[in-house]
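Participant: Below are the structure tokens for one structure; questions will follow.
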């Protein structure tokens with residue numbers, strides 16, 4: 001299969017990552033079929049994509065007519081069978097191996113022999129996931145970053161079973177949708193999260209030990225290292241619960257103390273302080289509209 005033969009892509013999962021991938025694919029001129037478990041989930045995704053495009057229109061990057069054309073290239077469904085004839089499918093469902101295994105079993109039941117699966121996992125081994133599907137040579141990792149429309153990087157991760165042609169097609173697809181791709185081995189966290197997760201853990205430990213306040217830790221990294229967002233501010237944005245889940249996956253794989261979740265994170269989960277979406281995390285968002 002060649003990139004020019006792909007006119008339609010699938011997007012399994014309509015959370016923040018799935019919505020972002022669907023948007024950039026549609027902006028690149030591709031038809032996008034989005035599938036998720038309920039109308040409510042993809043209804044939120046549709047609103048997210050629309051608001052994102054409206055911001056781009058305000059910047060003058062695209063016109064209102066172009067925005068309408070992009071939205072017109074995106075369709076939504078709760079039926080995995082709607083992806084039957086789609087040659088290239090992105091996956092961005094919840095970061096749980098059993099959830100992903102269930103999804104790929106459904107896809108295997110309806111998809112053709114040439115269909116490419118590109119998982120957006122940030123922490124699960126690509127080789128382990130490739131072993132769950134009928135055509136592991138057609139399986140590859142494509143790890144995007146949040147928010148997808150703004151972040152330029154994609155990590156392309158071939159499994160041990162991935163064919164060279166599949167890897168090359170993933171690299172070409174990343175370029176087509178406006179991203180810069182790097183290739184890395186199938187190792188926990190790949191490149192970015194292998195560096196970034198310990199950074200988040202250490203920031204939480206600094207707060208836990210009373211070294212500095214959350215505000216001062218974030219300010220230090222923003223002004224001292226020119227980071228666009230502090231580590232604790234970022235964790236609130238991404239979700240403390242999601243961060244905790246990913247940290248535990250890292251620890252299970254690496255078996256190293258540096259990847260152990262701080263006790264403060266566990267207690268925040270128990271208290272429901274999971275970040276901006278809950279109104280409270282490392283910061284209080286209860287006053288926000």
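The values are calculated or read from the model by the stated rules, or taken from the named source; none is laboratory data. Computed from a predicted model, the values in this text were never measured in an experiment. Please note: Cβ atoms are built from the backbone with ideal geometry, for glycine as well, and neighbour counts cover all protein chains shown.
Participant: Are any residues in segment 1-33 crowded, with 23+ Cβ neighbours inside 10 Å and assigned to a loop (DSSP other than H, G, I, E, B), and if so, which ones?
Facilitator: Matches in segment 1-33: 13, 14.
Participant: Can I ask one more? Across segment 124-135, which residue is surrounded by the most Cβ atoms within 10 Å (Cβ to Cβ) among those that are in a loop (DSSP other than H, G, I, E, B) and modelled with pLDDT of 95 or more?
Facilitator: 133
Participant: Determine whether segment 48-55 contains at least one residue that is part of a loop (DSSP other than H, G, I, E, B), modelled with pLDDT of 95 or more and touching a strand residue (DSSP E or B) at 6+ places or on another chain (Cβ under 8 Å).
Facilitator: no
Participant: Among the residues of segment 154-172, write down those that are in contact with a helix residue (DSSP H, G or I) (Cβ under 7 Å, 6 or more places away or on another chain) and surrounded by fewer than 21 Cβ atoms within 10 Å (Cβ to Cβ).
Facilitator: Correct list: 160, 161, 163, 172.
Participant: Quick one: which of 36, 65 is in the same structural domain as residue 107 (by TED's automatic domain parsing), within 21 Å of residue 239 (Cα to Cα) and either surrounded by fewer than 20 Cβ atoms within 10 Å (Cβ to Cβ) or in contact with a strand residue (DSSP E or B) (Cβ under 9 Å, 6 or more places away or on another chain) (or both)?
Facilitator: When all the criteria are applied, what remains is 36.
Participant: Exactly one of (1) assigned to a loop (DSSP other than H, G, I, E, B); (2) farther than 21 Å from residue 147 by Cα; (3) at pLDDT 95 or above is unmet by residue 226. Its number?
Facilitator: (2)
Participant: Please enumerate the residues belonging to segment 44-62 that are under 20 Å from residue 100 (Cα atoms) and loosely packed, with under 15 Cβ neighbours inside 10 Å.
Facilitator: Once the filter is applied, which keeps residues that are under 20 Å from residue 100 (Cα atoms) and loosely packed, with under 15 Cβ neighbours inside 10 Å, segment 44-62 yields nothing.
Participant: Working only within segment 94-123, note down all residues that are more than 17 Å from residue 170 (Cβ to Cβ), modelled with pLDDT under 95 and crowded, with 17+ Cβ neighbours inside 10 Å.
Facilitator: 95, 123
Participant: Now for a different question. At pLDDT 95 or above, assigned to a helix (DSSP H, G or I) and either farther than 19 Å from residue 276 by Cα or out of contact with any strand residue (DSSP E or B) (no Cβ under 6 Å at 6 or more places or on another chain) (or both), is that true of residue 205?
Facilitator: Yes: the conditions hold for residue 205.
Participant: When the residues of segment 230-257 are narrowed to those that are outside any helix (DSSP H, G or I) and touching a helix residue (DSSP H, G or I) at 6+ places or on another chain (Cβ under 7 Å), which ends up surrounded by the most Cβ atoms within 10 Å (Cβ to Cβ)?
Facilitator: 230
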